[in-house]
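Take a look at the structure below.
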Amino acid sequence: MGGYIVKRLLSAIPVLLGITVIVFLIMALIPGDPATAILGSYATPENVEKINRDLGLDKPLVARYFIWLGNMLTGDFGRSFSLNRPVIDEVLERFGATLVLAGTAFIICTIFGIIAGVISAARQYGLADKAITFAVLIGISIPSFFLGMMMILAFAVERRWFPVSGMYAIYGGGDLADLAWHLVMPAIALAVVATGVIARLSRSAMLEVLRQDYIRTARAKGVHERRVIWTHALKAAMVSIIPVLGIQAGFVLSGAVYIEIVFQWPGVGRMLVNAILQRDILLVQGGVVFVAACYVLFNIAVDVAQSLLDPRIKT
Amino acid sequence: MTQFIKLLARNQLALAGGIILSIVVLVSILVPILPLQPPDVTNTADRFMAPFSEGHWLGTDHLGRDLLSRLLWGTRLSLAVGAAAAIVAAVIGSAIGIVAGYFGGTTDNVIMRGVDMLMAFPYILLALAIVAALGPGLMNALIAVAAVNIPFFARNIRGITVGIAHKEFVDAAKLAGKGHLTILTTEILPNVVPVIVIAMSTTIGWMILETAGLSFLGLGSQPPQADLGSMLGEARSALITNPHTSVVPGLMIFIIVMSINLLGDGVRDALDPRLRSGALSRPKPTTTVARQSSPPHGPGEGVLDIRELETQFHVGKRVFKAVNQVSLNIEPGECLGVIGESGSGKSVTALSVMGLVASPPGVITGGAVFHGGQDLVGARYSTLRRLRGDKVAYIFQDPLSTLHPLIRVGEQLAEAIRVHHPVGKAELRQRAIDLLNDVRIPNAESRVDSYPHEMSGGMRQRVAIAMALANEPEVIIADEPTTALDVTVQAQVLSLLDDLRREHNVAIMFITHDFGVVAQLCDRVAVMYGGQIVEQGTTDDILANPAHPYTRKLMECVPELGAGRRELAAIPGLPPAVDDLPPGCAFAPRCHKAQAECTKAPIEMTRGGGRAVRCLYPETKLVEEEPA
Amino acid sequence: MSLALQLDDLSKTFPVGKPLFGPAKAHVRAVRPVTLQVETGETLGIVGESGCGKSTLARMLVGLLPPSTGEIKIEGHRLNNANPAEFGRSIQYVFQDPISSLNPRKSIRSILEVPLKRLHGMNAEARRARISEIFASVNLREEFLERYPHEFSGGQAQRIGIARALAANARIMVLDEPVSALDVSVQAQVLNLLARLKGEFGLTYLFISHDLAVVEAVSDRVAVMYFGAVVEVGKAEKIFAAPRHPYTNLLAGSAPVVGRPLTPPEAKGTELPDPLNPPPGCPFAPRCPKATEICRDVDPPLEQMGEDQFAACHHPLDA
């Protein structure tokens, strides 16, 4: 098992390098002089000179890539000119907030999505199946940012159950209860779409598994139907559900961008959007590489979970 | 194509989605000629007018612009951008996927590594990076959304293409002289297009959402031009004071995406042949029972008494009479062979006993199965469950697919005992090891912790036999247990089964298509054809003197080893389709002795001398006819 | 007698766990060097159990797989993979699964037209006439031509597959388990059809099957394969009646036969050797009742044993 984790970690290195190449190439698409493009409205002569020196912008593309990569490996993601602080500091601070939001939403959608999918499949064409299918259809059709706005209207403005926005109360907050209270609405708004998608895929994975011969074998042994569904079938279905969870984690992380804007959540997504509007290219670059790298590591964890479940994967 | 539209129209939700979407699309096409106010003319005096105001049905926004006009123009824009992104992504992604999937090898490897790289990003990061580089704007948002979705299409279509490229018809096309390009366009593409259509119809709504999302963030369409996303984005600051400016575009996005999703699901269902045939429905824990007449009375004879069993498959309007008036009984310790070709109903008969016929589409429509004085057909689930595996156990055909792939064989054996008898953990493990020893699996102590995929086919089938023996059942129903095995392995498994049934004095109902196997293993045999038993008797009698012409012909068809090169006997024609059985003898159309009477009415069983035959002109007269 | 097909040291190894660049970590030898001749007009049967390499061999013969070593000569000419149209005219293949060998989205007529158009460049009129002719010779009604594959039963679909192979007008046909997906009563129809076509068109058959009785009934000579190698070749009427190789004997003794009591065949186990790590000697040695020291060290070559019979065994059975 340990060997497998090491193997997967090693195999992530080319992927991580690939990510940096892709981000670097996209940023190289920016028309015009790179220094002025990166600095935008902060392109004072001193800044231009400094960034040319730091990033080797006068050098050819390949050399620039390696300078940039080398800097990042030493933890230097460059400096945000709009915020006037190191990119890495800002990203780390904001990423924590995103992790709280996206992590909570991910747990919600995993639990409820799988349960809804299993029930839906076990009661195929029944009332529960129809109700879940309908709810799922609405869930995956509603834009999360619109849902968030409507939730604010309904539960923060009309009924003052939850705060309108933010992560902590401005006065007197800051503890875990305060965070949880602020987290409820954005986490739910963020989880809805992914819950629907996971429920859908869990349902079809379960239907696929329930037709398999080994389910008939379990029934022929006299295994109780509850156990057939929740142990035999779900275990086998998880083999196709787990990779979907990995992909959905990416979607939750993506959806967090909208939710952070709607709920003024101080996360990395809102930071990126502001950075794009401010044309703070280094902040965008650093943020994208950092979050993508974290996502790659998360997917390794997903693969490891998969190999624990499925002995046919060579460890 | 017409079938596709019919299927689509039958799905009411899809129809509703289609109608709503058609209206939205039609209106947005007609927008330029509709009598609307100009969408971009500001009038700050009329700002934030409520819906249903004079001259402004949906009210006005923060700059006093008519919301209805902006909504329809915005819808037009959103639809166009979303559809364009979907088409671009589908075309490029599918092309990549088809090439990678068809050529395989290094081409595939290189392309798919690249795709994996792109999919390693949470998709919005990539979109944001592209927009950051190209600058905010609707066209750039379109490019970003399309680019981000290309890997999804590529991966999806590649998977499908790999499956098709390994089909034998592609090899056949190569041998018929087709080159790569011709094979790609004429053999692969026609089979992939439905999948591309499904993928597009289920993702186009998502693309519309995504472009709207980028516009919502201020990275898509720029003022004064507005799509639905940017309308919502601009309205956000006035969410609390003037919610209608947010609700109007938000609801529109919701309606569009919902209708596309409904239609997309309908398209998927109509195009997926598995859904069409009902193959994707989940079999219920027991077969549905809908007996049309009162069942025969018990208590029945022997350990298992099947009486006038009728099992059908109801697929759409078609009824397949898989098992038709089948009566069989098994005495304690006896081995009864049921022989027939595919579609003869032998396996369905076996599965009907314990209600294991997949349902839907299977329905038991008549008859009874007596065991220990009670009728199993129509018995409650809890009764059936208690008997399954405890008194009546099964062995199935393919030992790889019938064992759970993720559970150790020892655990699967232990479970078979545990569900019926409260036994402690340590003892369960010992019992599992003993069972593996019973079926002559070497190194049982270590094999007990193996997974099925770590064993050979013969070993897996031994595990399946051990599982059937776990609770010392009275009957084992073995459904073609050696068909999937190699001949040398089959010989060992058969002799093992024969030893075990004598050791444990268990009755066996042995389903097979192989006369050689029946001859070696079974005491009595029943021959099935077209869902009915056509002949029944002791194995020796039937093999020596088959009474039914079908039995005789079938035995002549089986080539026997040692006779050298020769012309083989054949039966002309095809086995009957069980959804269209003739009124009389199902074999009559292929029978050399058939007369007019044979096809008129159902043929009754004639009994005599411990034998039974369903034929008016049997090959041999049965001794001492008994009055019916 | 002229040779229709000559195989010299033909072998196939598959790489296992090949990284993106660089050599593979291990190799599986699916077919070990095989040397065989097939005479014109002969039916050579090839039997063996699953995993013995018989299908890999067949796919190499028709150019669907490039061999790792050795060469194939068809009627004296070396098989040239590069030109599918050329070898398509000399050798054809009939597939095991009749349904999946027909493209579900094409009508039967358009499936049959391909070889005529591609391999023989016939015009529309000539194609129409030829298709009618071929269809009649496989006993199918012409109205079937406009239908689609899913409308046919296995037996009918297999006749269509045979018709397609005939359309290529090749003189050699590789039949890869052509009847094993069919029911017994239909199986004989197809086998008899094949026998008739062979006489009619002067064909040479390579008949691959796992069913000993079927192979014996249709073949002139039979080759028995085990673990990627031919272990015995001989006349069909003799090879199972008087086998020289213990594996052939085991196969012949395992087939269920009416009237023979059920006794487990004489063999120690059922497991094939690990293809990734094959034993040095005879691959059958671990299962062989006659195995001795030499069997575990030296892989025996195929040697002539009696008239027309060859076996690869250190301790052949008595004739």
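The values are calculated or read from the model by the stated rules, or taken from the named source; none is laboratory data. Just so it is clear, the model here is predicted, and its values are computed rather than measured. Neighbour counts are summed over all protein chains in view; Cβ atoms, including those assigned to glycine, are modelled from backbone coordinates with ideal geometry. Surface accessibility is based on the protein's heavy atoms, side chains included, excluding ligands, DNA and RNA. Shrake-Rupley method; radii C 1.70, N 1.55, O 1.52, S 1.80 Å.
Using the beta-carbon distance between residue C:296 and residue C:258 and R0 = 41 Å, what value does 1/(1 + (r/R0)^6) give for FRET efficiency, to the nearest 0.05?
Plugging the Cβ-Cβ distance into 1/(1 + (r/R0)^6) gives 0.65.
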Self-check item: Simple spin-label estimate for residue B:565 and residue A:313 in nanometres, 7 Å along Cα-Cβ
Solution: 5.5
Quiz item: Considering every residue in B:547-558, what mean count of other chain Cβ atoms within 10 Å of its Cβ is obtained?
Solution: 2
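Test of the criteria: in the range B:1-92, which chymotrypsin sites (Phe, Trp or Tyr not before Pro) are in a DSSP loop and have at most 14 other Cβ atoms within 10 angstrom of their Cβ?
Details: sites: B:4, B:48, B:52, B:57, B:73; in loops: B:48, B:52, B:57.
Here the chymotrypsin sites (Phe, Trp or Tyr not before Pro) that fit, given the DSSP loop and packing criteria, are B:52, B:57.
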Quiz item: With +1 on each Lys and Arg Cβ and -1 on each Asp and Glu Cβ, how big is the dipole of the protein assembly as shown about its Cα centre, in debye rounded to the nearest 20?
Solution: 1680
Quiz prompt | Residue among A:12, A:220, A:194 with the largest mean-square fluctuation in a Gaussian network model of chain A, springs linking Cα atoms under 10 Å | solution = A:220
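Net charge near residue C:242: determine it from the other residues with C-beta under 12 Å of the C-beta of residue C:242, scoring Lys and Arg +1 and Asp and Glu -1.
Net charge in that neighbourhood comes out at -2.
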Quiz prompt | Dipole magnitude of the range A:1-78 about its Cα centre (Cβ charges: Lys, Arg +1; Asp, Glu -1), debye to nearest 20 | solution = 440
Quiz prompt | Partner aspartates and glutamates for residue C:106 [C-alpha distance under 19 Å; skip if fewer than 8 residues away on the same chain] | solution = B:168, B:171, B:187, B:272, C:97, C:142, C:143, C:146, C:151
Quiz item: Per-residue ellipticity at 222 nm for chain B, helices alone: DSSP H runs ≥ 4 residues times -39500 (n - 2.57), over residue total, nearest 500 deg cm²/dmol?
Solution: -15000 deg cm²/dmol
Quiz item: Who wins for biggest fluctuation among C:265, C:33, C:246 in a Gaussian network model of chain C, springs between alpha carbons below 10 Å?
Solution: C:265
Quiz item: Relative contact order for the range B:474-574 using alpha-carbon pairs under 8 Å, separation at least 6, rounded to a whole percent?
Solution: 19
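Distance cut-off 23 Å, Cα to Cα: go down the list B:174/C:12; B:167/B:317; C:73/C:198; B:174/C:25 and report the pairs above it. It would help to have the intermediate numbers written out before the result.
Numbers: B:174/C:12 20 Å; B:167/B:317 32 Å; C:73/C:198 21 Å; B:174/C:25 31 Å.
Going by Cα-Cα distance, B:167/B:317; B:174/C:25 fall outside the 23 Å limit.
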Quiz prompt | Antiparallel DSSP beta bridges within the protein assembly as shown, as percent of all bridges there, nearest 5 | solution = 60
Self-check item: Of all accessible heavy-atom area on the protein assembly as shown, the percent that carbon and sulfur account for (1.4 Å)
Solution: 59
Practice problem: Kindly report, to the nearest 10 Å², the accessible surface of residue A:181 as traced by a 1.4 Å probe over protein heavy atoms only. | Solution: 110
Self-check item: Residue among A:39, A:289, C:47 farthest towards the positive dipole end of the protein assembly as shown, charges placed on Cβ
Solution: A:39
Quiz prompt | Average beta carbon contacts from partner chains per residue of C:102-108, 10 Å cutoff | solution = 5
Quiz item: To the nearest 10 square angstrom, how much accessible area does residue B:592 have with a 1.4 angstrom probe?
Solution: 110
Quiz item: What is the total of Lys pairs in chain A with C-alpha atoms under 19 Å apart, excluding same-chain pairs fewer than 8 positions apart?
Solution: 4
Exercise. Could you tell me the distance between the Cα centroids of the range B:83-135 and the range B:416-468, to the nearest Å?
Key: 48
Exercise. Give the calculated FRET efficiency between residue A:61 and residue A:184 to the nearest 0.05, with a Förster radius of 41 Å applied to their Cβ-Cβ distance.
Key: 0.30
Quiz item: Is the protein assembly as shown best put as rounded, prolate or oblate by its Cα gyration tensor, with a ≥ b ≥ c the root eigenvalues, rounded for a/c under 1.5, and otherwise prolate when a/b is larger than b/c, oblate when not?
Solution: prolate
Quiz item: When the accessible area of each residue in the range B:207-226 is compared between its chain alone and the complete protein assembly (1.4 Å probe; ligands, DNA and RNA ignored), which residues differ by at least 30 Å², being lower in the assembly?
Solution: B:209, B:216, B:217, B:219
Quiz item: Which of the aspartates and glutamates could a cross-linker bridge to residue B:425, judged by Cα under 14 Å and excluding same-chain residues fewer than eight apart?
Solution: B:411, B:415
Quiz item: Which distance in nm do the two modelled labels at residue B:182 and residue A:33 give, with both placed 7 Å along the Cα-to-Cβ direction?
Solution: 6.0
Practice problem: Heavy atoms only, probe 1.4 angstrom, no DNA, RNA or ligands counted: give me B:8, C:212 ranked by accessible area, highest first. | Solution: B:8, C:212
Quiz item: Under 25 Å Cα-Cα from residue C:290, which lysines qualify once same-chain neighbours fewer than 8 residues away are excluded?
Solution: C:235, C:238, C:268
Quiz item: Roughly how much of residue C:9 is accessible, in Å² to the nearest 10, using a 1.4 Å probe?
Solution: 90
Self-check item: Karplus-derived HN-Hα couplings along the range B:309-318 (A = 6.51, B = -1.76, C = 1.60, θ = phi - 60°), whole Hz, x at Gly and Pro
Solution: 5, 10, 10, 10, 10, 9, 10, x, 8, 8
Quiz item: Nearest 0.05, what FRET efficiency do residue A:158 and residue A:107 give at R0 = 41 Å with Cβ-Cβ as r?
Solution: 0.90
Exercise. Determine the dipole magnitude for the range C:244-319: charges of +1 sit on the beta-carbon of Lys and Arg, -1 on that of Asp and Glu, nothing else is charged, the reference point is the Cα centre, and the result goes in debye to the nearest 20.
Key: 320
Quiz prompt | Average other protein chain Cβ within 10 Å of Cβ, residues A:133-139 | solution = 2
Self-check item: Amide H contacts under 5 Å for residue B:53, placed H, 5+ residues apart
Solution: B:59
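For chain A, what does the alpha-carbon gyration tensor say about shape, rounded, prolate or oblate, given a ≥ b ≥ c as the root eigenvalues, a/c under 1.5 as rounded, and a/b over b/c as prolate?
Working: a/c = 2.78, a/b = 1.55, b/c = 1.79.
Judged from the Cα gyration tensor, chain A comes out oblate (a/c at least 1.5, b/c at or above a/b).
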Quiz prompt | Tensor-based shape of the range C:175-234 (alpha-carbon gyration tensor, a/c under 1.5 rounded, otherwise prolate or oblate) | solution = oblate
Quiz prompt | Per residue accessible area of chain C, 1.4 Å probe, in Å² | solution = 41
Quiz prompt | Neighbour cut-off at most 13 other Cβ (10 Å), DSSP loop, GluC sites (Glu not before Pro), the range B:521-628 | solution = B:567, B:604, B:624
